[in-house]
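Each remark here refers to the structure printed beneath this line.
The values are calculated or read from the model by the stated rules, or taken from the named source; none is laboratory data. Please read these numbers as outputs of a predicted model, since none were measured by experiment. Note that each Cβ is placed from the backbone with ideal geometry, even for glycine, and that neighbours are counted across all protein chains shown.
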Amino acid sequence: MTFLNSILLAGAAAFLIPLIIHLLNRRRIAVVRWGAMHLLQEVIKQKKRRVRVEQWLLLLMRILLPIILAMCLARPVLTALRSLPGFGKTSLVVILDDSFSMRAPSSGGSPMDQAKAAIQRMTEELPRGSDVQIVLAGGSPRTLMEQSSIALDLVPKALGDTQALAGPMSANDAFQAAAAALSKATNGAREIVVMSDFQQADWKAFAEGASLPALESVLKQEPKPAITFYRLDNDITENLSIASLELSALVAAEGQPVGARVRVKNHGKRLWQDVALYLEADGTRLRTTRITVPAEGEVTLSLTHAFDKVGDHALGVRLEGDSLTEDNAAQAIVHVRHQINALIIDGHPGNEPLSGAADFIELALSPNMATAADSKDLVITTKVDERRFRDEDLRGKEVVILADVERLQGKRFTDIEKFVKEGGGLLVIAGPDIDQSWYNRDFYRNGQGVYPAAIKGLGSVGPADNPARILMQRFTHPAMTYFNDARGGRLQDAEFRTWITWEMKGDEVKTLFSLDRGAPVFIEKPFGRGRVIAGATSANSEWTNLPLQMVFVPLIQRLVSHLATQGAGEAALLVGQPVRVGLKDGKGDEVFELTDPTGKTTEVKARKENNGVVVESAPTREPGLYEMKAKDSSEAQRFAINLNPAESDLKPLAESEVEKIATRHEGMLVRSFDAYQRLDRSRRHGTEMWQAFLIALLVLLFGEVLLAQRIARA
């Protein structure tokens, strides 16, 4: 027998209280002999014997009362009644990996099909009174039902009606969700079954010794739940996938070519030859390219397309060839605009062409206009001297750029702050002429101002030292992902001699990329409904040669495009992420409609968040195109949802590695339902006995009252 709350057994020591009271209240009886005593002696002797027995019985009852109460509160579990009819009720939590890899076709059915069949048989064989909860572990773990269900026949049906996610399995988060479900369990016998294909991408780190803190916490529960790792078979190892699709621009003008860089990956040992790759625009197939992908290798190619209509357009690619088709497609959204209107505030105009910071920024944003080319520039710039800047200059502008502006005086400063707070974008590129004390005192204002961080000072390298360079890293910011491939431009070729250093506070400030000295080059922070990006170096050649590099043009264009389209969302999201839209003008009670790739429409309500209003859907479940529009409106905003490429490598862990994980966490490994059934029968699960102790407690209380009354009458 074990106890769920063994610490409460200490309460049994309260039995000493009635015993001590009894000993203290014992009285010495004075014997007085009188003449007729011998006539009553026998009667008194018999009555005295009966009263003594009743008193000892009353003392025993009073001693047992606190002991049984403590036993009841400690929730005893009897562990040897599994074989008897009516016993063995179990609280079962199944952690089901419902990630994309579980849907891979296999000769014995997909791993997900195998899992559903096994869960149905488990629920059929559980004793009556058992309860079941399913933790769906693909992407962000969530429970199948609001609470554990004792209607066991309904669990497989609920599982069959649930859409699977395509995100990687998060094992530790899944065990955390399972621990929360077990904390509400009503039965003494408890079990966690982990059902997964044990894909290397999800589990290799744990096989190599990484900890699972949530599982370790579960194993400290009393009684300790049984842990079973159920490995599902997947015999498919060959797979082609679209590993990434990156656009050359987040937003484009009408007729402006947009580049799409596609990476196709081969996850198997077979050479794929003459594979068809289709370029699609808004669901229409445009052209076909034939590619060859080496074994366990990849191919990268660039494609272009120009849209001639304003709006949100889908640019996508699709593969043909292998049996697992869901990861053979990827799409991204191109926001086609007439133009983006940007205002450049020139802090220190140069005396010669291309000497001031504003000159380099203007050229980078409007290269076709500067060279009299036939192509149209997306960004239309207006340049104004800081001394002549007025609030009328902000009308119709989406982005404002401060180029080496020393300070903003009076109303000019408040106009800029109001512009950003109401949804505008601000790009601040500093230089040698800025007033650092003003930036900190008024522009940053201890975190309450529009500037993202406090300036600590300047960093620099000596004339004889090697220049600082941009740190080699994989960029994750949506404005920077295009530079992950050298064909998008080599930011690492730029040299830096001087730069601003910041003291960044708060989680809202994000670094876009940094120098190899550790100093951020660009940082970003939301402000009101708008957003601010600040640069640490000059936009001319005084501190760096970055403006002289070809990569400066796409860098500035992508930063400005990002600021101008911040409410439009990213080019593509991953399955499991929500669709999210920021409203420039909203009350927080608007109703929107989200249409998924299958045509199903759900209502989404706007809500207030910080200083703005956002519309955010539930996590997406399927890849494809989604549309969000206000109810009773015809204008829709489009979103592309793609599969997580980490799930496309179907290689599973070796059985010995899964065995390591199971052994380290006191669990058992099975590979079929028959093996699980044999293991389950060999275990001794517990039955809680607190109900029986509660009945005994009530009986003792009733008996103690009756016996005390009887003794009192005597």
*Return yes or no: is R445 free of Cβ contacts under 8 Å to residues at least 24 places away in the same chain and more than 32 Å from the chain's Cα centre (by Cα)?*
yes
*Keeping to the stretch 479-494, report how many residues are of a type outside the set (S, T, N, Q) and crowded, with 17+ Cβ neighbours inside 10 Å.*
8
*Please work out if S91 is crowded, with 18+ Cβ neighbours inside 10 Å and within 21 Å of Q221 (Cβ to Cβ).*
yes
*When residues of the stretch 166-195 are limited to those that are of a type in the set (A, V, I, L, M) and in a helix (DSSP H, G or I), the one surrounded by the fewest Cβ atoms within 10 Å (Cβ to Cβ)*: A180
*Count of the stretch 410-427 residues which are closer than 23 Å to I361 by Cα and at pLDDT below 95*: 10
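Sort out which residues of the stretch 237-266 are in a loop (DSSP other than H, G, I, E, B) and either crowded, with 19+ Cβ neighbours inside 10 Å or among the polar types (S, T, N, Q) (or both), and write them in order of number.
If the condition is that a residue be in a loop (DSSP other than H, G, I, E, B) and either crowded, with 19+ Cβ neighbours inside 10 Å or among the polar types (S, T, N, Q) (or both), then T237, N239, S248, A249, L250, Q256 are the ones that fit.
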*So how many residues does the stretch 204-254 have that are small (G, A, S), within 28 Å of N328 (Cα to Cα) and in contact (Cβ under 8 Å) with a residue 12 or more places away in the chain?*
6
*Select from the stretch 382-405 the residues that are in contact with a strand residue (DSSP E or B) (Cβ under 9 Å, 6 or more places away or on another chain) and in a helix (DSSP H, G or I) and list them in ascending order.*
E386, D393, L394
*Of all residues in the stretch 512-521, which are closer than 19 Å to N440 by Cβ and either surrounded by fewer than 19 Cβ atoms within 10 Å (Cβ to Cβ) or without any contact (Cβ under 8 Å) to a residue 40 or more places away in the chain (or both)?*
P520
*Hey, can you tell me all the residues within the stretch 577-614 that are on the phi > 0 side of the Ramachandran plot and either polar (S, T, N, Q) or assigned by TED's automatic domain parsing to the domain that holds A252 (or both)?*
N610
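I'd like to know if the stretch 55-63 contains one or more residues that are modelled with pLDDT of 70 or more, polar (S, T, N, Q) and under 26 Å from M195 (Cα atoms).
no
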*Selection from the stretch 196-214 of residues that are outside any loop (DSSP other than H, G, I, E, B) and of a type in the set (F, W, Y)*: W203, F206
*Would it be correct to say that R558 is in contact with a Phe, Trp or Tyr (Cβ under 9 Å, 6 or more places away or on another chain), closer than 17 Å to L512 by Cβ and basic (K, R)?*
yes
*Hey, does the stretch 195-216 have a residue that's more than 30 Å from K265 (Cα to Cα) and in contact with a Lys or Arg (Cβ under 8 Å, 6 or more places away or on another chain)?*
no
*Scan (1) assigned to a loop (DSSP other than H, G, I, E, B); (2) in contact with a Leu (Cβ under 8 Å, 6 or more places away or on another chain) for the single condition S561 breaks and write down its number.*
(1)
_Residue count, the stretch 406-442 (criterion: closer than 26 Å to V379 by Cα, of a type in the set (K, R) and assigned to a helix (DSSP H, G or I))_ = 3
_Single residue of the stretch 611-644 satisfying the filter (touching a residue at least 60 places away in the same chain (Cβ under 8 Å) and assigned to a loop (DSSP other than H, G, I, E, B)) that is nearest to R580 (Cα to Cα)_ = P619
*Which members of the stretch 473-482 meet the condition of being at pLDDT 85 or above and either polar (S, T, N, Q) or within 20 Å of N545 (Cβ to Cβ) (or both)?*
M480
*Go through (1) of a type outside the set (K, R); (2) farther than 30 Å from V575 by Cβ; (3) modelled with pLDDT of 65 or more and name the single condition L8 misses.*
(3)
